[in-house]
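Reading through the structure tokens given below for one structure.
The values are calculated or read from the model by the stated rules, or taken from the named source; none is laboratory data. Keep in mind that this is a model prediction, so the values were computed, not measured. Note: ideal-geometry Cβ built from the backbone for every residue, glycine included; neighbour counts use all protein chains shown.
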Amino acid sequence: MIKLGKSVQKQLIDTCNNNGVCLEGNIIKLIDAEGDTEFTEYLKEASEKDKSSRRKRLEITKQIQLQNKELVMAQEANMKLMDDLKVALDASTHAKEAAEADLDLLQKKTQTELIGTIVRVALWIVVGVGVITTLIYAIAILTGVDTTLIGNTWSNMFGILLTNSFSIIGTIMGVKYATEK
């Protein structure tokens, strides 16, 4: 056992009373009060305060450990959510690209069909006008009617139809190749 002098005992008691600071830890168990009731009371009070502060520190440590565990679990959940979001973003990006590619293909297909239809109609008109004008010219020749006016008209009509048909086809083909890029 550790024996302390009366002056040291008095200083310890005064420090506890004035400042609220007492001895702590297992050293309290080793100090001999030497029959002094006031110092025995001080040692009991110091021991009780030490036990109380140890319990509080233990509770705080447990709370901190619990909070740390909850934070780690929340961080893991957040990381999983971030990974899920990245996967969903990648999937939506791929879906968007596929939809844009399908839309582009559909537009090109529609444009090609429209161009094909315009070219067919223009060719039918050119052929139709050419056939009709040729038939009128042939009938006029066979019936013996003066064909000077019809011949010039027939010649001009074919020139205009051919020029316009090539112009239409050229314009369509230019638009087609211009929109491909």
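Does Ser7 fit the bill of being under 20 Å from Arg57 (Cα atoms) and part of a helix (DSSP H, G or I)? For Ser7, the condition - under 20 Å from Arg57 (Cα atoms) and part of a helix (DSSP H, G or I) - is not met.
Within the range 29-65, being surrounded by 12 or more Cβ atoms within 10 Å (Cβ to Cβ) and in a loop (DSSP other than H, G, I, E, B) holds for Ala33, Glu34, Asp36.
In the range 155-175, the residue that is farthest from Thr134 (Cα to Cα) out of those that are under 57 Å from the mean Cα position of the chain (by Cα) and either of a type in the set (Val, Ile, Thr) or outside any helix (DSSP H, G or I) (or both) is Val175. In the range 33-64, the residue that is nearest to Leu12 (Cα to Cα) out of those that are touching a helix residue (DSSP H, G or I) at 6+ places or on another chain (Cβ under 9 Å) and among the hydroxyl-bearing types (Ser, Thr, Tyr) is Tyr42.
You will find that of Thr117, Thr134, Thr112, the residue that is under 24 Å from Thr171 (Cβ atoms), modelled with pLDDT of 80 or more and in a helix (DSSP H, G or I) is Thr117 and no other. Identify, from the list Cys22, Cys16, the residue that is on the phi < 0 side of the Ramachandran plot, in the same structural domain as Ile2 (by TED's automatic domain parsing) and not in a helix (DSSP H, G or I). Of Cys22, Cys16, the one residue that is on the phi < 0 side of the Ramachandran plot, in the same structural domain as Ile2 (by TED's automatic domain parsing) and not in a helix (DSSP H, G or I) is Cys22.
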